[in-house]
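S.K.: There's a structure below that I have some questions on.
The values are calculated or read from the model by the stated rules, or taken from the named source; none is laboratory data. Not measured: the values here are computed from a predicted model. Because the Cβ atoms are built from the backbone with ideal geometry, glycine has one as well, and the counts that use them run over all protein chains shown.
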Amino acid sequence: MTRVITFGTFDVFHVGHVNILERAAKYGDELIVGVSSDKLNFSKKNKYPIYSQEDRIKIIQCIKFVKEVFIEESLEEKLNYIRKFKADILVMGDDWEGRFDWVKDECKVVYLPRTPSISTTEIIEVVRSGRK
Ligand code: CTP
């Protein structure tokens with residue numbers, strides 16, 4: 001049984017999120033997703049996500065490639081989450097390339113290319129500006 005873990009905010013859910021979850025799931029038998037808490041997002045970016053953590057979790061739980069979802073409260077806890085969920089592989093988008101190499105003693109780390117031309121930030125900007 002190979003367990004894959006990934007982390008993210010997954011705010012304003014979009015196809016780039018589906019694609020990374022779909023591809024991450026293919027690396028093992030079970031995909032576990034850490035959804036970053038509202039507080040963690042505020043501490044990282046000085047702003048809260050548009051969707052609450054409860055709603056973001058609910059959306060991720062409905063994805064058919066996802067086995068289990070939990071709230072990621074702190075970036076420093078990555079290793080503990082990896083241990084707690086007995087993950088064999090950590091998958092992240094390549095915007096994080098190299099940033100999680102420090103967990104390589106605990107599990108394999110894979111960075112996957114992002115889906116081009118879509119991000120939560122850009123969707124929010126387009127909607128706010130009224131641009132098409
Ligand atoms: N992701 C992806 N392709 C995209 C957007 C996101 O593969 N076009 C991946 C990220 O690399 C990450 C996961 O989806 O592993 C969650 O990313 P998140 O930061 O929540 O989404 P973004 O759209 O990148 O959000 P933001 O613009 O706020 O950074």
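S.K.: Which one of these is aromatic (Phe, Trp, Tyr), crowded, with 19+ Cβ neighbours inside 10 Å and outside any helix (DSSP H, G or I): PHE7, PHE65?
M.R.: Numbers: PHE65 fails: crowded, with 19+ Cβ neighbours inside 10 Å.
Within the list PHE7, PHE65, the selection yields PHE7.
S.K.: Could you identify the single residue in ARG56, ARG83 that is crowded, with 18+ Cβ neighbours inside 10 Å, part of a helix (DSSP H, G or I) and out of contact with any Cys (no Cβ under 6 Å at 6 or more places or on another chain)?
M.R.: ARG56
S.K.: For the stretch 82-102, name all the residues that are within 15 Å of the ligand (Cβ to nearest atom) and not small (Gly, Ala, Ser).
M.R.: Answer for the stretch 82-102, where residues must be within 15 Å of the ligand (Cβ to nearest atom) and not small (Gly, Ala, Ser): ILE89, LEU90, VAL91, MET92, ASP94, ASP95, TRP96, GLU97, ARG99, PHE100.
S.K.: Any chance the stretch 113-127 includes a residue that's out of contact with any helix residue (DSSP H, G or I) (no Cβ under 8 Å at 6 or more places or on another chain), within 13 Å of the ligand (Cβ to nearest atom), under 17 Å from GLU22 (Cα atoms) and outside any loop (DSSP other than H, G, I, E, B)?
M.R.: No, there is no match, as no residue in the stretch 113-127 is out of contact with any helix residue (DSSP H, G or I) (no Cβ under 8 Å at 6 or more places or on another chain), within 13 Å of the ligand (Cβ to nearest atom), under 17 Å from GLU22 (Cα atoms) and outside any loop (DSSP other than H, G, I, E, B).
S.K.: Scanning for something at pLDDT below 95 and within 25 Å of SER117 (Cβ to Cβ), does the stretch 1-15 turn up at least one residue?
M.R.: Checking the stretch 1-15: not a single residue is at pLDDT below 95 and within 25 Å of SER117 (Cβ to Cβ).
S.K.: Which of the residues belonging to the stretch 103-129 are charged (D, E, K, R) and either under 24 Å from GLY28 (Cα atoms) or surrounded by 11 or more Cβ atoms within 10 Å (Cβ to Cβ) (or both)? Step through it out loud before you land on a result.
M.R.: Narrowing the stretch 103-129 to residues charged (D, E, K, R): 104-106, 108, 114, 122, 125, 128.
LYS104, ASP105, GLU106, LYS108, ARG114, GLU122, GLU125 - these are the residues of the stretch 103-129 that are charged (D, E, K, R) and either under 24 Å from GLY28 (Cα atoms) or surrounded by 11 or more Cβ atoms within 10 Å (Cβ to Cβ) (or both).
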